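J.: Okay, handing you the structure first.
The values are calculated or read from the model by the stated rules, or taken from the named source; none is laboratory data. Keep in mind that what you see is a predicted model, and the values were worked out from it rather than measured. When we count neighbours, we look across all protein chains shown, and the Cβ atoms used for this are built from the backbone with ideal geometry, even at glycine. The accessibility values were calculated without ligands, DNA or RNA, using every heavy atom of the protein model including side chains. Shrake-Rupley method; radii C 1.70, N 1.55, O 1.52, S 1.80 Å.
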Amino acid sequence: MNENKQQQQLKKRRKKNTTDTSVVDEKRGGVKTKGLKEISTSLILLEDQEKDGREEFAKAHQEERLQFEENHKKKTSAMLDCYSKLHEDYHEDVDRVDGARKRKARANVFAASNATAIALASADIEDSISGGNDRTSASDKVPATGPQRRLWVKHRSKDWWDQCNSPDFPDEEFKKAFRMGKDTFVLICNELSSVVAKENTLLRDAVPVRQRVAVCIWRLATGEPLRLVSKKFGLGISTCHKLVLEVCSAIRNVLMPKYLRWPDDEAVNRIKDDFESISGISNVVGSMYTTHMPITAPKASVVAYFNRRHTERNQKSSYSITVQGVVDPRGVFTDVCIGYPGSMPDDHVLEKSTLFQRANAGFYKGAWIVGGSGYPLMDWVLVPYTQQHLTWTQHAFNEKIGEVQGIAKEAFTRLKRRWGCLQKRTEVKLQDLPVVLGACCVLHNICEMRNEDLDSSLKYEFFDDEMVPEISLRSPNAMKARDSIAHNLLHHNHAGTSFLS
């Protein structure tokens, strides 16, 4: 009996222990499940927070980008509006000055006519008085043969010009003085004769055509002050100033349409072949560059004409206007854009030019105009790579682009060497400068077409004025085309390796 009781008690104890163990296991399992749920919930919350953070960052980045683009557009628009207003003011000033000049000319003509009428009337009165005292018949009167009345003119020596105008004057000396030979000078005189020639009057003799043209060309060639021009040619200072502007205007109106114009289709094909033989790049129709011409500080819009790079180089305040030019393989200008303020970067000058307007109209479709790093890459403007780390192919491409770009730089160097007035600040007023600079470009073309050599003593140190534009890429298609050209240059062994040395 005792043994049965002990066995029953032992079974009860085992059953109780088993029950307690199961309860503990159930409690432990519940704790573990609860912990796993809390961990999974925390992970989900963290993922949601990270997702929200990414969305907020993307939204903030997008807003910041839109704000940047909007500010850039406003800034660009404000600058373009400012330059447009400056250009309009410039044309208004030019029109006002031209009007004042015409009114002054009419007043001078009227005054001269009155003086002539008074002189003739005085002569008639004297004749009538003498005729009243003399009672001879009309058939016995002899017409007067005395000298005519003329305005008093100060006598000035023009020995220097008479010597230069002599047929015996050496051609080499003539070329040193006027930067061209006698034949080229005669050609220009003949072309301008019908426009600049003046007739003799009762008051004074007109300045001959050759002397008029010579005054202008010598002034442009040497850049000497009008006081010295007056002494060389035996004319008044104001007369020399007037002749320079008149002849420059005649060159712009008569010679520019003939000697500075975009080439026709036949000439374009010849230009493409010449550029391809130089660089290995096909369909290049021109090399483009923008340079600066120094001027005196203008009375209005001084900040617009301030040239920071020239100021830093010269260590004094410098002001300038821009001249954008496109040249052919010979260095002859085929397009120019003159007169925008010196603070305007190259890409903004390009956007303001007629060249850009023709390009937007599809005039240069399928052709390239090579520019420097100061221009953006566009569907018709081919520029070098400007990033810091370049591949071998890109280096080789930049080398060939530099050869084409060098033609435009050399053309501007020869332009400034030939015409000394472009090397220093001139006495010409700001509103007259585009006419004078345009005349220099036309005369440069005539000299280059006629193979007029430059005197080796004429020196000019060329400074590169290029600035990298804010937006250097305007066309993704142009980027692909440039990469293809660079690859073909290297693939066909057109690219050099001088950049490795």
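J.: Looking at (1) under 28 Å from Gly342 (Cα atoms); (2) more than 29 Å from the chain's Cα centre (by Cα), find the lone condition where Lys198 falls short.
T.: Tallying (1) under 28 Å from Gly342 (Cα atoms); (2) more than 29 Å from the chain's Cα centre (by Cα), Lys198 fails exactly one: (1).
J.: List the residue pairs whose Cβ atoms are under 8 Å apart, where the first residue sits in the range 215-239 and is acidic (Asp, Glu), the second is crowded, with 21+ Cβ neighbours inside 10 Å and part of a helix (DSSP H, G or I), and the two are 6 or more positions apart or on different chains.
T.: Cβ pairs passing all conditions: Glu224/Trp218.
J.: For the condition in a helix (DSSP H, G or I), farther than 30 Å from His348 by Cα and open to solvent by 70 Å² or more (accessible area, probe 1.4 Å), what is the one hit in Glu47, Glu64?
T.: None of the others qualify; the one that does is Glu47.
J.: Can you spot a residue in the range 439-447 that is open to solvent by 20 Å² or more (accessible area, probe 1.4 Å) and either at pLDDT below 95 or not hydroxyl-bearing (Ser, Thr, Tyr) (or both)?
T.: no
J.: Can I ask one more? Confirm whether Ala304 is small (Gly, Ala, Ser) and closer than 25 Å to Ser343 by Cβ.
T.: yes
J.: Can you name every residue in the range 436-465 that is of a type outside the set (A, V, I, L, M) and in contact with a strand residue (DSSP E or B) (Cβ under 8 Å, 6 or more places away or on another chain)?
T.: Gly438, Cys441, His444, Asn445, Asp465
J.: For the range 385-404, state whether one or more residues are surrounded by 18 or more Cβ atoms within 10 Å (Cβ to Cβ) and either part of a loop (DSSP other than H, G, I, E, B) or at positive phi (or both).
T.: Yes, that holds for at least one residue.
J.: I need the full set of residues from the range 262-273 which are of a type in the set (Lys, Arg) and surrounded by 18 or more Cβ atoms within 10 Å (Cβ to Cβ), in order please.
T.: Lys272
Every residue, every condition in (1) surrounded by fewer than 15 Cβ atoms within 10 Å (Cβ to Cβ); (2) at pLDDT below 95; (3) not acidic (Asp, Glu); (4) not in a loop (DSSP other than H, G, I, E, B), yes or no:
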{"residue": "Arg156", "(1), (2), (3), (4)": "yes, yes, yes, no"}
{"residue": "Asp162", "(1), (2), (3), (4)": "yes, yes, no, yes"}
{"residue": "Asp168", "(1), (2), (3), (4)": "yes, yes, no, no"}
{"residue": "Glu173", "(1), (2), (3), (4)": "yes, yes, no, yes"}
{"residue": "Lys176", "(1), (2), (3), (4)": "yes, yes, yes, yes"}
{"residue": "Asp183", "(1), (2), (3), (4)": "yes, no, no, yes"}
